[in-house]
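Every number here is computed from the coordinates shown, using simple stated rules; none is lab data. Everything numeric here is computed off the predicted structure, so don't read it as measured data. Heads up, the Cβs are rebuilt from the backbone with ideal geometry, glycines too, and the neighbour counts pull from every protein chain shown.
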Amino acid sequence: MLPVPDAQGLRPTPDRVRETLFNWLGQDLSGLECLDLFAGSGALGFEAASRGAAAVTLVESNARVAKQLRDNQYRLDAAQVRVMQGDAFAIAAQLPDASFDVVFLDPPFAEDWIGPALEHAARLSRPGGAVYVETDHALTGADAPVPASLEIVRHARAGAVHFHLLQHRVPGNGAA
């Protein structure tokens, strides 16, 4: 188990949630490029790297947590992992469109960042790509902040955590 610093709002993804997520995505992520926009412990990104992802970008705002991510990257000899320290939204705005096959979103539950994070994820994920979202509520109903270009294809709950897998809508099937 990798060390995780104690930081306000840091909530590593539970093991059983991570197991379900990677069953949804597939066990082999060979060649895929992944972005974890609110990396925290880095569990999702490091798991993706261990499953063959060609490149993983971890974004973390807390400098101490980002340093621990770099230490863990070194400890794991994970050359395909890049750690970027700074504001997630500012960094996302600098990244090129359609750069990633998988985008992980697990922002602090206390913040109302799901809507803006999903807008960035819709832009940053490639057609056919996946967006994973972890929240404290289901992303359902008319007021759900899901961009029209994305659709929820899976949803589950483990305790207080709701987790969702979204994909780009397929052009030509009547969806936006």
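Structure notes:
- Extension gain for Arg51-Ala144 works out to 30.4 nm (0.36 nm per residue, less the C-alpha to C-alpha distance).
- Among 161-169, 86-94, sorting by the average number of other beta carbon atoms lying within 10 angstrom of each residue, highest first, gives 161-169, 86-94.
- Gaussian network model of the chain, Cα within-10 Å springs - most flexible of Pro96, Pro107, Pro127: Pro96
- Taking the inverse of the mean reciprocal distance over all distinct Cα pairs, the Kirkwood hydrodynamic radius of the chain comes to 16.2 Å.
- Tilt relative to the chain, helix 63-76 - C-alpha long axis, 0 to 90 degrees, to 10: 80 degrees
- Calculated mean residue ellipticity at 222 nm for the chain: -8500 deg cm²/dmol, from DSSP H runs with n ≥ 4 weighted as -39500 (n - 2.57), summed, divided by the residue count and rounded to 500.
- Bridges between two residues of the chain, per DSSP, are antiparallel at a rate of about 45%.
- Karplus (6.51, -1.76, 1.60) ³J(HN,Hα), θ = phi - 60°, over the stretch 79-85, in Hz, Gly and Pro reported as x: 5, 7, 9, 10, 9, 10, 9
- Residue-wise HN-Hα couplings along the stretch 95-106, as the Karplus relation 6.51 cos²θ - 1.76 cosθ + 1.60 with θ = phi - 60° gives them from phi, are 7, x, 4, 6, 8, 10, 7, 9, 10, 9, 10, 9 Hz; Gly and Pro carry x.
- Nearest 10 degrees, 0 to 90: helix 15-25 Cα axis against the chain principal axis: 50 degrees
- With the simple model of a label 7 Å out from the Cα in the direction of the Cβ, Ala98 to Asp71 spans 4.1 nm.
- 3J(HN,Hα) along the stretch 42-56, derived from phi through the Karplus expression 6.51 cos²θ - 1.76 cosθ + 1.60 where θ = phi - 60°, amounts to x, 4, 5, x, 5, 5, 4, 4, 5, 9, x, 3, 6, 8, 9 Hz, with x in place of Gly and Pro.
- Database remark: amide H of Ser41 closer than 5 angstrom to the amide H of Arg11 (H placed geometrically; neighbours at sequence offset of 5 or more, or on other chains; Pro and chain starts carry no H).
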